[in-house]
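Data first, discussion second: the structure below is written as structure tokens.
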Amino acid sequence: MMMAFYGGLIIGLAAALLMLFNGRIMGVSGIAGTFINMLFTPNARTAQSGEFYWRGFFLFGMILGGILLSKFTNTFVEAAMVTSNPAVIIAAGLLVGVGTRMGWGCTSGHGICGIARFSGRSVIATMVFIAAGMVAVAIANALLNVSGAGQ
Amino acid sequence: MSSNFVRSLIALAAGAIFAIGLGVGGMLNPANVRGFLDVLGEWKPALMLVMVGAIVVYALANQLALRMKKPLLDIDWSNLPRPGFDFPNQAKLGAVLFGVGWGMAGFCPGPAIASLVSLHSTVWTFTTSMLVGFYLFALYERRKHSKGT
């Protein structure tokens with residue numbers, strides 16, 4: 001359990017670096033969403049290339065971090081997928097993609113950075129998405145029990 | 001070295017450190033994430049501990065930031081959103097949609113991207129759909145703005 005806390009300290013350090021050096025919030029949905037948008041909008045990309053590149057470097061850094069984890073830990077070996085039903089996974093991905101952009105952020109931007117900066121909207125957002133996630137899991141488990149009983 | 005390049009290097013380091021923190025904290029295992037949301041079942045507190053640890057460090061960094069005239073590598077704090085309570089209904093709906101998708105798969109954007117390295121087909125399906133979702137919302141916003149002017 002302490003590992004979870006240590007992991008959190010490391011995440012806080014990463015977010016602190018991005019704020020203190022670059023003056024940016026470490027919100028993954030905002031960084032990746034803006035990057036994708038600029039990727040398909042050549043005008044915006046050339047007009048603000050610095051805005052495009054730092055986001056690309058951040059995302060590339062996340063991939064590098066993943067490579068280090070896969071080399072030196074068994075993080076990905078232990079990972080247990082919740083479901084592998086492709087329709088559920090695609091629907092979930094679309095909901096997370098649209099929802100985080102529409103909701104001004106995700107777990108990193110609202111749940112960590114926003115709360116730590118005492119931003120009221122981030123406190124609201126975090127309570128809303130955690131509550132919605134809890135309801136979704138409860139319903140999914142109930143449906144699973146029903147279908148399991150029917151077999 | 002141009003300041004854009006140095007800022008990109010800081011972003012690269014932050015991205016790598018972030019992914020390592022997610023891995024150390026057990027957040028790249030969707031079962032842990034879903035375990036936190038499963039309040040009626042076998043509840044797992046890992047995600048809460050990760051958030052507490054990260055918030056403590058970031059809150060301290062924020063106290064430092066409040067005493068700095070500007071970020072170390074930029075001219076002012078204008079790129080940092082101002083804390084506030086404004087959160088319109090559409091944004092609340094977005095948070096609901098996000099929460100539902102998060103509960104369904106056990107992934108939010110950070111872990112989804114950091115887990116691509118696992119080459120797990122479920123992760124790639126999820127992350128690709130999520131990126132499509134990002135872009136769909138960007139297209140929607142663009143249409144709304146072009147109609148407005």
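All of the numbers you see were taken from the coordinates with simple rules; none came from a lab. In this text, all values refer to a predicted model and were calculated from it rather than measured experimentally. Here the Cβ positions follow ideal geometry from the backbone for every residue, glycine too, while neighbour counts run over all protein chains shown.
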For peptides B:12-19, A:131-138, sequence by mean Cβ density within 10 Å, most packed first: B:12-19, A:131-138
List every DSSP H helix in chain B whose Cα atoms extend 15 Å or more along the helix's own long axis and whose mean Kyte-Doolittle hydropathy is at least 1.0. B:3-24, B:46-66
Cut-off under 5 Å, modelled amide H: who pairs with B:Gly25 long-range: A:Gly7
Where the only charges are on Cβ atoms (+1 Lys, Arg; -1 Asp, Glu), what is the dipole of the stretch B:60-131 about its Cα centre, to the nearest 20 debye? 200 debye
Those helices of chain A passing the 20 Å axial Cα length cut-off and the mean Kyte-Doolittle cut-off of 1.0 (DSSP H runs only) are A:2-22, A:86-102, A:120-150
Just from its helices, what would the mean residue ellipticity at 222 nm be for the protein assembly as shown, if runs of 4 or more DSSP H residues each count -39500 (n - 2.57) and the sum is divided by every residue, rounded to the nearest 500 deg cm²/dmol? -24000 deg cm²/dmol
Provide the net charge surrounding A:Ser122, with neighbours chosen by a C-beta distance below 13 Å and charges set as Lys +1, Arg +1, Asp -1, Glu -1. +3
Explain nothing, just the number: relative contact order of chain A, from Cα pairs under 8 Å at least 6 residues apart, as a whole percent. 27 percent
Note down the magnitude of the dipole of chain B about its Cα centre, charges +1 on Lys and Arg C-beta and -1 on Asp and Glu C-beta and zero elsewhere, to the nearest 20 debye. 460 debye
Taking 0.36 nm per residue of separation and subtracting the Cα-Cα distance, what length does fully extending B:Leu66 through B:Lys144 add? 24.5 nm
Note down the relative contact order for chain B as a percent, whole number, built from C-alpha pairs under 8 angstrom at least six residues apart. 22 percent
Counting every C-alpha pair in the protein assembly as shown, the percent lying more than 36 Å apart is 11 percent
Any chymotrypsin sites (Phe, Trp or Tyr not before Pro) in the stretch A:1-93 that lie in a DSSP loop and have at most 16 other Cβ atoms within 10 Å would be A:Phe40
Cleavage-rule hits, trypsin sites (Lys or Arg not before Pro), the stretch B:64-133, DSSP coil, Cβ neighbours within 10 Å at most 14: B:Arg67, B:Lys69
Karplus ³J(HN,Hα) for the stretch B:83-88 (6.51 cos²θ - 1.76 cosθ + 1.60, θ = phi - 60°; Hz, whole; x = Gly/Pro) runs x, x, 9, 4, 7, x
Could you give the dipole magnitude of the protein assembly as shown about its Cα centre, charging the beta-carbon of Lys and Arg +1 and that of Asp and Glu -1, in debye to the nearest 20? 740 debye
